[in-house]
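Novice: Take a look at the following structure, please.
Coordinate-derived values only; no laboratory data. All values reported here derive from a predicted model rather than from experimental measurement. Neighbour counts are summed over all protein chains in view; Cβ atoms, including those assigned to glycine, are modelled from backbone coordinates with ideal geometry.
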Amino acid sequence: MPPNTLDYSGQGLSALPADLCAHADTRRLLIYSNALTSLPDCVSGLPLVMLDAAMNQLATLPASFAGLAALEFLYLHTNQFTHVPEVITRLPRLRYLNMTDNALTALPDAIGDLSALHELRLYRNQLAHLPEGIGRLGALRELHVYENHLTALPGTLGGLSSLRVLNGNDNQLAALPDDLSGLTSLWSLELRKNRITTLPDSLFTLKGLRVLDLRSNHLTQIGPEILKLDSLQKLDLRWNLLDGPPDWVDALERRGCSVYL
């Protein structure tokens with residue numbers, strides 16, 4: 001176990017030990033797989049870099065949580081959150097946030113205040129939309145929002161120049177934002193099992209895109225502009241409404257791209 005780590009995971013605890021906060025040098029706190037419904041205020045006094053509180057019964061966090069100024073990795077998946085606690089948006093060094101498998105219905109616009117955030121995992125929730133503020137996450141590299149109820153993506157998302165991976169599979173998306181040209185680092189775009197009927201012209205400006213998964217949508221045609229995606233290695237268009245193989249398939253495959261129709 002790494003030094004300065006406290007591990008209380010998998011012990012069936014409904015409350016943390018009283019002497020927890022006496023360990024003033026704790027940087028990694030593992031309390032996952034318990035039955036916790038709350039966290040004590042004294043946790044905010046620890047110099048934590050990583051907190052894993054997944055697989056508990058948490059629905060809120062104490063206001064004092066904002067005192068975790070050094071926290072970089074926060075695991076809260078498989079709890080009972082219906083919203084993202086506001087205190088999370090005030091963690092200046094947070095790089096990784098996992099709140100998958102909760103019951104989230106919305107995100108605060110202040111999520112965009114997490115200027116250091118690299119990876120945001122929100123899949124298997126009940127999100128119907130994402131706030132415009134998500135476009136302020138300038139350091140974001142990965143966004144995972146699959147298996148929600150999203151009907152649209154905010155236009156500001158198209159300006160996330162550091163974003164490398166976007167997974168929006170299994171939602172209710174009918175279209176993409178018009179301007180995706182700012183996604184200059186994007187290499188993987190997965191949008192299978194949605195309701196997309198057309199693709200914006202700006203998608204074909206993404207020269208670094210390697211993986212494009214659009215299976216199980218409502219696409220009826222894709223023109224030769226797909227050939228502008230110079231780095232494309234995998235294109236999956238299965239289970240759409242295409243009327244036969246497009247004329248450009250051979251050219252794409254000659255470049256080494258795997259095409260699935």
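Novice: Taking a temperature of 37 °C and a viscosity of 0.692 mPa s, what whole-number D in µm²/s does Stokes-Einstein yield for region 107-179 with Rh from Kirkwood over alpha carbon pairs?
Specialist: Taking Rh from Cα pairs, D becomes 271 µm²/s.
Novice: To one decimal place, what orientation-averaged projected area in nm² is obtained for the convex hull of the Cα set of the chain?
Specialist: Working: hull surface 56.2 nm².
Computed as one quarter of the Cα hull surface, the answer is 14.1 nm².
Novice: From the phi angles alone, apply the Karplus equation (6.51, -1.76, 1.60; θ = phi - 60°) to region 63-71 and give each ³J(HN,Hα) in whole Hz, x where the residue is Gly or Pro.
Specialist: Running phi through 6.51 cos²θ - 1.76 cosθ + 1.60 with θ = phi - 60° gives 4, 5, 4, 5, x, 7, 5, 9, 5 Hz.
Novice: Same structure, new question: What's the extension gain from D7 to E86 if we count 0.36 nm per residue and subtract their Cα-Cα distance?
Specialist: 25.8 nm
Novice: Which net charge results when you count Lys and Arg as +1 and Asp and Glu as -1 among the other residues whose beta-carbon is under 11 Å from that of K228? All intermediate terms of the calculation are to be shown ahead of the outcome.
Specialist: Numbers: positive: K207; negative: D201, E225, D230.
That sum, taken over residues with Cβ under 11 Å, equals -2.
Novice: As a test of the formula, what do you get for the chain when each DSSP H run with n ≥ 4 contributes -39,500 (n - 2.57) and the sum is divided by the residue count, at 222 nm and rounded to the nearest 500 deg cm²/dmol?
Specialist: -500 deg cm²/dmol
Novice: Return the single residue from A69, A18, A106 with maximal mean-square fluctuation; model: Gaussian network over the chain, springs between Cα atoms under 10 Å.
Specialist: A18
Novice: Treating only the Cβ atoms of Lys and Arg (+1) and Asp and Glu (-1) as charged, compute the dipole magnitude of region 1-159 about its Cα centre; round to the nearest 20 debye.
Specialist: Magnitude of the dipole: close to 200 debye.
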